[in-house]
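What follows is a set of notes on a single structure, which appears directly below.
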Amino acid sequence: AGYFESGYRFLMPDQSVKHIHLFAQATRDKYGRLEYVGAAQDVTDQERLLQKLRQSEQDLRTTIDTIRQIILVLAPDGTTLYANQVAFDFSGLAANEVDGQGFMESVCHPDELDRVLHLRREGMSGKVPFETETRVLFKRTQYRWVLLQYNPLKDENGQIIRWYAKATDVDHRKKAEQALRFSERNLSLMI
(Lines give C-alpha, C1' and ligand atoms only; values in the text may rest on other atoms or scores of the structure.)
Protein backbone atom coordinates (compact mmCIF):
# COMPACT_ATOMS: atom_id res chain seq x y z
CA ALA A 1 0.00 0.00 0.00
CA GLY A 2 1.16 3.55 -0.64
CA TYR A 3 0.32 7.11 -1.45
CA PHE A 4 0.08 8.41 -5.01
CA GLU A 5 0.09 12.04 -6.16
CA SER A 6 0.47 13.39 -9.67
CA GLY A 7 -0.47 16.27 -11.95
CA TYR A 8 -1.97 16.00 -15.42
CA ARG A 9 -2.92 18.31 -18.24
CA PHE A 10 -6.03 17.55 -20.25
CA LEU A 11 -6.90 19.07 -23.62
CA MET A 12 -10.58 19.93 -23.54
CA PRO A 13 -12.92 19.78 -26.58
CA ASP A 14 -12.81 23.61 -26.82
CA GLN A 15 -8.96 23.37 -27.05
CA SER A 16 -8.46 24.82 -23.59
CA VAL A 17 -6.15 23.04 -21.15
CA LYS A 18 -7.21 21.86 -17.70
CA HIS A 19 -4.63 21.15 -15.01
CA ILE A 20 -5.72 18.37 -12.67
CA HIS A 21 -3.97 17.21 -9.51
CA LEU A 22 -4.68 13.64 -8.40
CA PHE A 23 -4.30 12.27 -4.87
CA ALA A 24 -4.77 8.59 -4.07
CA GLN A 25 -4.06 6.26 -1.19
CA ALA A 26 -3.72 2.52 -1.68
CA THR A 27 -5.84 0.52 0.74
CA ARG A 28 -7.23 -3.00 1.02
CA ASP A 29 -10.90 -3.75 0.80
CA LYS A 30 -12.63 -6.18 3.19
CA TYR A 31 -11.47 -9.10 1.00
CA GLY A 32 -7.83 -7.97 1.04
CA ARG A 33 -7.83 -6.70 -2.54
CA LEU A 34 -5.77 -3.60 -3.33
CA GLU A 35 -7.79 -0.51 -4.23
CA TYR A 36 -7.07 3.19 -4.52
CA VAL A 37 -9.17 5.86 -2.86
CA GLY A 38 -8.53 9.42 -3.90
CA ALA A 39 -9.65 12.68 -5.35
CA ALA A 40 -8.96 14.92 -8.31
CA GLN A 41 -8.67 18.67 -7.98
CA ASP A 42 -8.87 21.23 -10.80
CA VAL A 43 -5.82 23.46 -10.29
CA THR A 44 -6.07 25.29 -13.63
CA ASP A 45 -6.50 28.74 -12.05
CA GLN A 46 -3.57 28.19 -9.68
CA GLU A 47 -1.40 26.95 -12.57
CA ARG A 48 -2.25 30.04 -14.65
CA LEU A 49 -1.37 32.32 -11.73
CA LEU A 50 1.89 30.43 -11.20
CA GLN A 51 2.75 30.80 -14.89
CA LYS A 52 2.02 34.56 -14.71
CA LEU A 53 4.18 34.84 -11.61
CA ARG A 54 7.04 32.98 -13.32
CA GLN A 55 6.73 35.24 -16.36
CA SER A 56 6.70 38.35 -14.16
CA GLU A 57 9.81 37.13 -12.35
CA GLN A 58 11.54 36.43 -15.67
CA ASP A 59 10.57 39.89 -16.97
CA LEU A 60 11.94 41.49 -13.79
CA ARG A 61 15.21 39.54 -14.04
CA THR A 62 15.56 40.56 -17.68
CA THR A 63 14.97 44.20 -16.74
CA ILE A 64 17.49 44.03 -13.89
CA ASP A 65 20.03 42.37 -16.17
CA THR A 66 19.79 45.26 -18.64
CA ILE A 67 20.58 47.86 -15.97
CA ARG A 68 24.28 48.62 -16.35
CA GLN A 69 24.96 48.49 -12.62
CA ILE A 70 25.78 45.59 -10.32
CA ILE A 71 22.63 44.59 -8.40
CA LEU A 72 22.38 41.93 -5.71
CA VAL A 73 19.36 40.62 -3.83
CA LEU A 74 20.22 39.27 -0.39
CA ALA A 75 18.38 37.32 2.28
CA PRO A 76 18.15 38.96 5.72
CA ASP A 77 21.27 37.01 6.78
CA GLY A 78 23.29 38.29 3.79
CA THR A 79 23.05 35.16 1.64
CA THR A 80 23.07 36.17 -2.03
CA LEU A 81 19.77 35.14 -3.59
CA TYR A 82 20.32 36.81 -6.94
CA ALA A 83 23.07 38.67 -8.75
CA ASN A 84 22.31 40.34 -12.04
CA GLN A 85 24.28 39.54 -15.17
CA VAL A 86 26.32 42.75 -14.82
CA ALA A 87 27.73 41.42 -11.53
CA PHE A 88 29.02 38.35 -13.33
CA ASP A 89 30.20 40.32 -16.37
CA PHE A 90 32.09 42.74 -14.10
CA SER A 91 33.75 40.03 -11.99
CA GLY A 92 34.30 37.55 -14.80
CA LEU A 93 32.81 34.77 -12.66
CA ALA A 94 30.02 32.46 -13.79
CA ALA A 95 26.88 31.96 -11.72
CA ASN A 96 27.78 28.33 -11.03
CA GLU A 97 31.14 29.38 -9.55
CA VAL A 98 29.56 31.30 -6.70
CA ASP A 99 27.16 29.84 -4.15
CA GLY A 100 24.69 31.90 -2.13
CA GLN A 101 27.05 32.44 0.81
CA GLY A 102 30.21 32.95 -1.22
CA PHE A 103 29.60 35.81 -3.61
CA MET A 104 31.35 38.51 -1.56
CA GLU A 105 34.10 36.09 -0.60
CA SER A 106 34.68 35.37 -4.30
CA VAL A 107 34.83 38.98 -5.48
CA CYS A 108 36.10 41.06 -2.55
CA HIS A 109 39.82 41.86 -2.34
CA PRO A 110 41.42 39.58 0.31
CA ASP A 111 42.81 42.60 2.20
CA GLU A 112 39.31 44.09 2.42
CA LEU A 113 37.21 40.97 3.01
CA ASP A 114 37.16 40.86 6.83
CA ARG A 115 36.40 44.58 7.08
CA VAL A 116 33.63 44.43 4.48
CA LEU A 117 32.01 41.33 5.99
CA HIS A 118 32.15 42.93 9.45
CA LEU A 119 30.59 46.18 8.19
CA ARG A 120 27.95 44.23 6.31
CA ARG A 121 27.02 42.17 9.41
CA GLU A 122 26.81 45.36 11.48
CA GLY A 123 24.78 47.14 8.82
CA MET A 124 22.38 44.25 8.35
CA SER A 125 21.77 44.03 12.07
CA GLY A 126 20.19 47.48 11.80
CA LYS A 127 17.14 48.30 9.76
CA VAL A 128 18.43 51.28 7.81
CA PRO A 129 20.38 51.69 4.56
CA PHE A 130 24.17 51.66 4.79
CA GLU A 131 27.16 51.78 2.45
CA THR A 132 30.86 51.05 2.20
CA GLU A 133 33.63 51.23 -0.38
CA THR A 134 35.83 48.28 -1.24
CA ARG A 135 37.89 46.74 -3.99
CA VAL A 136 36.24 43.92 -5.96
CA LEU A 137 37.42 41.59 -8.66
CA PHE A 138 37.14 42.93 -12.19
CA LYS A 139 37.28 40.48 -15.12
CA ARG A 140 39.22 37.95 -13.00
CA THR A 141 42.40 39.99 -13.46
CA GLN A 142 42.36 43.13 -11.34
CA TYR A 143 40.51 44.84 -8.53
CA ARG A 144 38.48 48.01 -8.87
CA TRP A 145 36.97 50.24 -6.20
CA VAL A 146 33.19 50.16 -5.87
CA LEU A 147 30.68 51.88 -3.62
CA LEU A 148 28.35 49.25 -2.15
CA GLN A 149 24.97 50.60 -1.07
CA TYR A 150 22.54 48.39 0.85
CA ASN A 151 18.81 49.10 1.22
CA PRO A 152 16.38 46.97 3.23
CA LEU A 153 12.96 45.78 2.08
CA LYS A 154 10.62 45.43 5.04
CA ASP A 155 7.31 43.64 5.44
CA GLU A 156 4.20 45.25 6.94
CA ASN A 157 5.55 44.50 10.46
CA GLY A 158 8.84 46.26 9.82
CA GLN A 159 10.82 43.01 9.55
CA ILE A 160 13.50 42.91 6.88
CA ILE A 161 12.68 40.32 4.24
CA ARG A 162 15.36 41.26 1.68
CA TRP A 163 18.33 43.51 1.23
CA TYR A 164 18.96 45.13 -2.14
CA ALA A 165 22.56 46.05 -2.84
CA LYS A 166 24.01 47.96 -5.73
CA ALA A 167 27.65 48.51 -6.57
CA THR A 168 28.84 51.62 -8.39
CA ASP A 169 32.30 51.69 -9.95
CA VAL A 170 34.23 54.52 -8.24
CA ASP A 171 37.70 53.35 -9.23
CA HIS A 172 38.70 56.53 -11.08
CA ARG A 173 37.64 58.77 -8.17
CA LYS A 174 39.35 56.55 -5.60
CA LYS A 175 42.61 56.45 -7.58
CA ALA A 176 42.51 60.22 -8.07
CA GLU A 177 42.06 60.66 -4.29
CA GLN A 178 45.02 58.34 -3.64
CA ALA A 179 47.18 60.21 -6.15
CA LEU A 180 46.26 63.53 -4.53
CA ARG A 181 47.15 62.24 -1.04
CA PHE A 182 50.45 60.89 -2.39
CA SER A 183 51.25 64.25 -4.01
CA GLU A 184 50.33 66.16 -0.83
CA ARG A 185 52.51 63.82 1.26
CA ASN A 186 55.48 64.25 -1.10
CA LEU A 187 54.96 68.02 -1.15
CA SER A 188 54.91 68.19 2.65
CA LEU A 189 58.15 66.19 2.79
CA MET A 190 59.81 68.63 0.39
CA ILE A 191 58.86 71.68 2.44
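Think of the range 1-129 as a dipole: +1 on every Lys or Arg Cβ, -1 on every Asp or Glu Cβ, centred on the Cα centre; then among LEU60, THR27, ASN96, THR27 lies furthest on the positive end. Across GLN69, GLN46, GLN25, mean-square fluctuation computed from a Gaussian network of the chain (C-alpha pairs under 10 Å connected) peaks at GLN25. Taking packing as the residue-averaged number of other Cβ atoms within 10 angstrom, the listed peptides 82-89, 134-141, 32-39 run from highest to lowest as 82-89, 134-141, 32-39. Net charge in the neighbourhood of LYS154 (other residues with Cβ under 14 Å of its Cβ; Lys, Arg +1, Asp, Glu -1) is 0. Can you give the local net charge around ILE70? Use residues other than it whose beta-carbon is closer than 14 angstrom to its beta-carbon, Lys and Arg +1, Asp and Glu -1. That works out to -1.
What share of Cα pairs, in percent, lie more than 25 angstrom apart in the chain? The calculated P(r) of the chain puts 58 percent of pairs beyond 25 Å. Give the calculated FRET efficiency between ASP29 and LEU50 to the nearest 0.05, with a Förster radius of 41 Å applied to their Cβ-Cβ distance. Efficiency computed from Cβ-Cβ geometry: 0.65. As a length-normalised measure over Cα pairs under 8 Å and 6 or more apart, the relative contact order of the chain settles at 14 percent. Hey, what D do you get for the range 1-88 in µm²/s if you plug the Kirkwood alpha-carbon radius into Stokes-Einstein at 25 °C and 0.890 mPa s? Calculated translational D: 142 µm²/s.
Per residue, the convex hull spanned by the Cα atoms of the range 42-105 measures out at 107 cubic angstrom.
Electrostatic tally near ALA176: other residues with Cβ closer than 14 Å to its Cβ, Lys and Arg +1, Asp and Glu -1, net 0. Accessible surface for the range 1-127, divided over its residues, is 66 Å² per residue with a 1.4 Å probe. Computed extension gain for THR79 through SER6, at 0.36 nm per residue and net of the alpha carbon distance, reaches 22.9 nm. A crude spin-label estimate for the pair LEU153 and THR168, with each label 7 Å from Cα along the Cβ direction, gives 2.1 nm. Given a 1.4 Å probe and every protein chain left where it sits, what share in percent of the accessible area of the range 15-147 is carbon and sulfur? Solvent-exposed carbon and sulfur of the range 15-147 make up 54 percent of the total. Placing R0 at 35 angstrom, the Cβ-Cβ distance between LYS175 and GLU122 gives a FRET efficiency of 0.80 after rounding to 0.05.
The values are calculated or read from the model by the stated rules, or taken from the named source; none is laboratory data. Computed from a predicted model, the values in this text were never measured in an experiment. As a convention, Cβ positions derive from the backbone with ideal geometry for all residues, glycine included, and neighbour counts pool all protein chains shown. When the accessible area is computed, the model is the full protein with side chains, heavy atoms only, and any ligands, DNA or RNA have been set aside. Shrake-Rupley method; radii C 1.70, N 1.55, O 1.52, S 1.80 Å.
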